[in-house]
Amino acid sequence: MKILEPITIGGVTFKNRLLLPPLTTGYEAKDGSISAQSRAFYTRLAQGGVGYIVLGDVAPIRSFAPTPKLFDDSQIESFRLLADSVHAYGAKLGVQIFHPEYDVDALNLMFANGEQDKVRARLHHDMDNFVNEVTEEALMEILKKMCACAVRAQKAGIDAIQVHGDRLVGALCSTKMNYRTDKFGGSLENRTRFALMLVKALREAVPEMIIEYKLPVVTPTLGKGGIDETDAPQFARLLEEAGVHMLHVAQANHTGNLADTIPPMGVQPYCFFADIAGTVKQAVTIPVSTSGRIIDPEMAEELLEAGRVDMVGIGRALLADPDWINKAAAGKAKSIIRCIGCNEGCVDAVMSGGFIACVVNAENGFEESRIIIQTNVKKKVVVIGGGPAGLEAARVAAIKGHHVTLIEKDTKLGGQLNIADKPPRKSEIRRTVEDLEHAILSNGVVLRLGEKATTERILAMAPEAVIVAVGATNFIPPISGVNGPNVCDAWKVLADEQNVSGRVAVIGGGMVGCETAEYLAEQGCKVSIVEMRDKIAGEIGPTVLPTMLELFNKHGVAQFTEHKVTNITVGELICEEPNGKVVKIPCDYVVMASGSHPEKFDTTALSDHGISVVKVGDCSKVSNISHAIKTGYDAANAL
Ligand SMILES: Cc1cc2nc3c(=O)[nH]c(=O)nc-3n(C[C@H](O)[C@H](O)[C@H](O)COP(=O)(O)O)c2cc1C
Ligand code: SF4
């Protein structure tokens with residue numbers, strides 16, 4: 001396979017063509033040093049076979065942003081430990097050096113003085129203006145700090161520096177952000193002056209290191225920071241002349257719409273930046289890589305076969321399964337647990353101040369504590385329920401070496417994922433069902449579909465442990481008129497068991513309500529969302545929400561927030577505003593999406609027989625897929 005072939009760049013041989021593109025993880029220590037959590041994460045990826053790892057957003061300065069930082073010699077040791085750790089598995093390590101598009105020193109001072117309001121206002125101002133206000137003198141200081149950071153990286157034994165061609169550097173290159181009239185603004189030569197000066201300075205500062213450049217390309221519809229698509233080939237040639245050893249061509253980040261940069265499922269096609277990378281590759285002689293929704297080995301292989309790139313960046317897909325590469329190398333690509341592009345456990349988590357913890361991989365972010373260890377005492381385990389929690393529990397219990405039987409009352413696996421994949425852009429969720437089904441079957445789990453798990457049946461199987469994963473049911477609140485013929489259940493509507501048309505009022509503006517509204521609007525219904533809280537879609541992340549709101553706009557989906565439904569009649573929904581005003585919403589159908597509650601399963605008799613019983617997923621606490629996978633994993637791993 002081409003993806004597994006080595007490649008030598010700048011005198012350094014990478015063992016294969018697969019790289020982890022830069023990802024801000026949220027794992028680092030407060031001062032930006034590499035923490036044990038961070039080291040465990042990257043080491044796990046190296047163990048999984050990746051040839052090159054790039055640490056995202058490494059700041060050469062002390063800043064409050066939750067990224068790695070390498071501004072002081074005292075931090076070198078933590079980076080050295082990381083380099084040693086990934087080198088032990090044959091992977092090379094790069095650091096992506098960036099400077100934010102704001103005045104870090106000014107903001108640090110305000111922070112130190114506790115002036116939070118000023119910090120917010122300044123940040124807001126700088127995001128659009130710093131690129132145009134920063135003086136040449138300050139730019140030269142920034143350049144020096146970036147070089148000093150590179151020297152520290154070299155001392156730490158790191159192999160490559162990736163210049164982050166977005167953020168401040170990309171803002172300077174951009175025709176959409178840079179309005180300067182001095183030698184750093186205007187012509188292509190001027191806009192790229194700082195980037196090229198930086199590359200040359202880095203080559204002098206760390207002549208033995210590989211210098212890579214992340215080339216974010218701005219297309220007529222996507223992105224803001226970086227180089228315009230039409231200028232990209234010429235700029236790539238200038239970068240090569242300046243001494244860059246390799247280019248990573250990808251969508252701009254941070255200075256564009258997040259839904260563009262790190263697109264969730266269904267928004268951009270697979271390999272969405274490969275064509276642009278291919279065009280850049282034709283302009284240069286140095287190796288070119290790309291990233292962006294390259295999900296499985298077949299896609300990566302095709303890009304290399306077609307000669308569009310020399311290396312392939314696999315970001316989120318490696319979070320979902322760090323063994324992606326080793327599995328591909330072993331001819332077991334089918335056993336890869338694939339990323340579904342939900343962005344919930346990665347981008348959204350980091351954006352809300354947390355750390356990356358992929359929803360389909362319970363170990364991600366917890367590499368030190370969640371490890372499956374083979375059992376010495378094989379047990380007979382019954383898992384009740386074939387939704388994500390039950391499937392994950394069965395998978396982990398079987399990998400541990402237990403004898404596992406999974407009983408599912410439905411004739412197919414997947415549980416709520418069978419309706420979660422129905423709304424627009426959500427079909428990729430299906431992959432989790434397919435991958436977990438493949439995993440349990442290939443690990444010897446006995447599957448009993450279409451069978452109700454009664455206590456008698458379970459006892460007859462004489463298990464030593466039972467994991468209950470019976471899920472949840474849609475909650476129908478006791479509103480007057482709720483049993484009328486015009487009232488439907490969102491879950492049944494999504495499952496195509498109930499049909500609605502015309503004017504539809506969806507009660508509940510959470511995720512299920514909003515997605516059902518999208519689903520119905522796309523089918524031509526005139527939809528209103530009615531929500532008691534002051535906003536809809538509260539739990540929908542920043543990379544998913546813009547596309548959903550666009551669709552609501554396109555279809556004229558009406559939103560009634562802070563509206564309490566008091567009565568449902570044939571033809572009308574009666575609501576009350578907080579001030580007591582009564583509002584009547586005309587509708588042909590009402591769809592209930594006001595939350596769910598745990599499905600009951602009485603475990604007393606099983607416990608009384610000395611069987612160890614644990615509930616996982618929604619039947620233990622109504623939550624999301626991440627909770628289902630993690631509780632399923634933990635319960636099985638504890639057996
Ligand atoms: C959680 C997360 C953090 C990211 N942080 C960075 C970053 O610090 N620097 C950067 O250049 N790109 C960053 N990216 C963009 C990725 O490098 C990559 O271009 C993007 O995820 C698309 O690749 P994928 O579909 O394989 O994940 C980030 C992406 C994710 C998912
Ligand atoms: S959280 Fe979702 S998008 Fe992120 S890596 Fe996991 S499956 Fe992919």
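The values are calculated or read from the model by the stated rules, or taken from the named source; none is laboratory data. From a predicted model like this one, the values you see are computed outputs, not experimental measurements. Please note: Cβ atoms are built from the backbone with ideal geometry, for glycine as well, and neighbour counts cover all protein chains shown.
Tally time: how many residues in region 538-587 are charged (D, E, K, R) and either in a helix (DSSP H, G or I) or more than 38 Å from the chain's Cα centre (by Cα) (or both)?
6
Under 7 Å by Cβ, and 6 or more places apart or on different chains, what pairs join a residue from region 79-96 that is closer than 19 Å to residue 4 by Cβ and without any contact (Cβ under 8 Å) to a residue 24 or more places away in the chain with one that is of a type in the set (Gly, Ala, Ser) and crowded, with 24+ Cβ neighbours inside 10 Å?
Pairs found: none.
Could you please find all residues in region 352-369 being buried (at least 16 other Cβ atoms within 10 Å of the Cβ), more than 7 Å from ligand 2 (Cβ to nearest atom) and more than 15 Å from residue 42 (Cα to Cα)?
362
Tell me which residues, restricted to region 329-388, are in a loop (DSSP other than H, G, I, E, B), within 30 Å of residue 272 (Cβ to Cβ), charged (D, E, K, R) and more than 12 Å from ligand 1 (Cβ to nearest atom).
Those that are in a loop (DSSP other than H, G, I, E, B), within 30 Å of residue 272 (Cβ to Cβ), charged (D, E, K, R) and more than 12 Å from ligand 1 (Cβ to nearest atom): 332, 363, 367.
Filter region 157-174 down to the residues that are touching an Asp or Glu at 6+ places or on another chain (Cβ under 7 Å) and among the small types (Gly, Ala, Ser), then identify the one that is surrounded by the fewest Cβ atoms within 10 Å (Cβ to Cβ).
Taking the candidates together, the pick is 157.
Please determine whether any residue of region 129-149 is more than 16 Å from ligand 2 (Cβ to nearest atom), assigned by TED's automatic domain parsing to the domain that holds residue 80, over 29 Å from residue 73 (Cα atoms) and in contact (Cβ under 8 Å) with a residue 40 or more places away in the chain.
The answer is yes, given that some residue of region 129-149 is more than 16 Å from ligand 2 (Cβ to nearest atom), assigned by TED's automatic domain parsing to the domain that holds residue 80, over 29 Å from residue 73 (Cα atoms) and in contact (Cβ under 8 Å) with a residue 40 or more places away in the chain.
Condition test on residue 50, is it out of contact with any His (no Cβ under 9 Å at 6 or more places or on another chain) and modelled with pLDDT of 95 or more?
yes
Would you be able to say whether some residue in region 28-38 is among the hydroxyl-bearing types (Ser, Thr, Tyr), buried (at least 17 other Cβ atoms within 10 Å of the Cβ), in a helix (DSSP H, G or I) and within 16 Å of ligand 1 (Cβ to nearest atom)?
yes
Could you please give the count of residues in region 152-183 that are part of a loop (DSSP other than H, G, I, E, B), among the small types (Gly, Ala, Ser) and under 25 Å from residue 209 (Cβ atoms)?
Here is the first cut: in region 152-183, the ones part of a loop (DSSP other than H, G, I, E, B) are 156-159, 165-166, 174-183.
Still in the list and also among the small types (Gly, Ala, Ser): 156-157, 165, 174.
When the remaining residues are screened for being under 25 Å from residue 209 (Cβ atoms), the result is 156-157, 165.
Within region 152-183, residues that are part of a loop (DSSP other than H, G, I, E, B), among the small types (Gly, Ala, Ser) and under 25 Å from residue 209 (Cβ atoms) number 3.
So which pairs qualify, if the first residue must be in region 339-351 and touching a residue at least 40 places away in the same chain (Cβ under 8 Å) and under 10 Å from residue 26 (Cα atoms), the second must be in a helix (DSSP H, G or I) and near ligand 2 (Cβ under 7 Å from one of its atoms), the Cβ gap must be under 7 Å, and the two must be at least 6 apart or on different chains?
346/316; 346/319
Criterion first (polar (S, T, N, Q) and within 21 Å of residue 614 (Cβ to Cβ)) does residue 454 satisfy it?
yes
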